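Participant: First, the structure itself, so that you have it in front of you.
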Amino acid sequence: MKNSFVSKFNKIRLEDIFNFIKIGFLNTCFGYLVYATFLFVGLPYAESLFIATVFGIFFNYITFGKFVFRQSLYPNVFLKFIFAYGFVFLFNW
């Protein structure tokens, strides 16, 4: 019984990890594209970072929720997502 659980767990986890990496790469590309676009049109660093973070919050929440964790999108989880990205924004500032 233990071996079947471990085998099933490992199979699911490898697939989930691969999805997490793919979506993480997509989200990174999206965020950088938004950031670079606003820098290119002449916005200052801080404003470009803020706008890219706001766009990234929505885009990343949808992609991680739907494609990695396969869950419905809930407002309380979204608030946690905003808090986490707020911390990352302050770290990048």
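The values are calculated or read from the model by the stated rules, or taken from the named source; none is laboratory data. No experiment lies behind these values; they were computed from the predicted model shown. Just the protein is used for accessible areas: all its heavy atoms, side chains included, with ligands, DNA and RNA removed. Shrake-Rupley method; radii C 1.70, N 1.55, O 1.52, S 1.80 Å.
Participant: Tell me, in nm to one decimal, what length is gained between VAL54 and LEU14 on full extension, where the rule is 0.36 nm per residue of separation less the Cα-Cα distance?
Facilitator: 11.4 nm
Participant: If you don't mind, another one. At a temperature of 25 °C and a viscosity of 0.890 mPa s, determine how fast the chain diffuses translationally according to Stokes-Einstein, using the Kirkwood radius over alpha-carbon pairs as Rh; express D in µm²/s, rounded to the nearest whole number.
Facilitator: 165
Participant: Rounded to the nearest 500, what is the 222 nm mean residue ellipticity of the chain from helices alone, with -39500 (n - 2.57) per DSSP H run of 4+ residues and division by all residues?
Facilitator: Computed mean residue ellipticity for the chain: -29000 deg cm²/dmol.
Participant: Now a separate question. Averaged per residue, what accessible area in Å² does the chain show with a 1.4 Å probe, protein chains only? Kindly include the intermediate steps, with their values, before the conclusion.
Facilitator: On the way: 7310 Å² over 93 residues.
For the chain, the per-residue accessible area is 79 Å².
Participant: Here is a further query. For region 15-65, state the average projected area of the convex hull of the C-alpha atoms over all orientations, rounded to one decimal in nm².
Facilitator: Details: hull surface 13.0 nm².
Here the figure is 3.2 nm², rounded to one decimal.
Participant: Which whole DSSP H helices in the chain pass both tests: a Cα extent of 18 Å or more along the axis and a mean Kyte-Doolittle value no lower than 1.0? Mind dumping the intermediate values first?
Facilitator: On the way: long enough: 2-40 (55 Å, 0.53); 45-63 (26 Å, 1.27); 75-92 (25 Å, 1.38).
Passing helices, by number: 45-63, 75-92.
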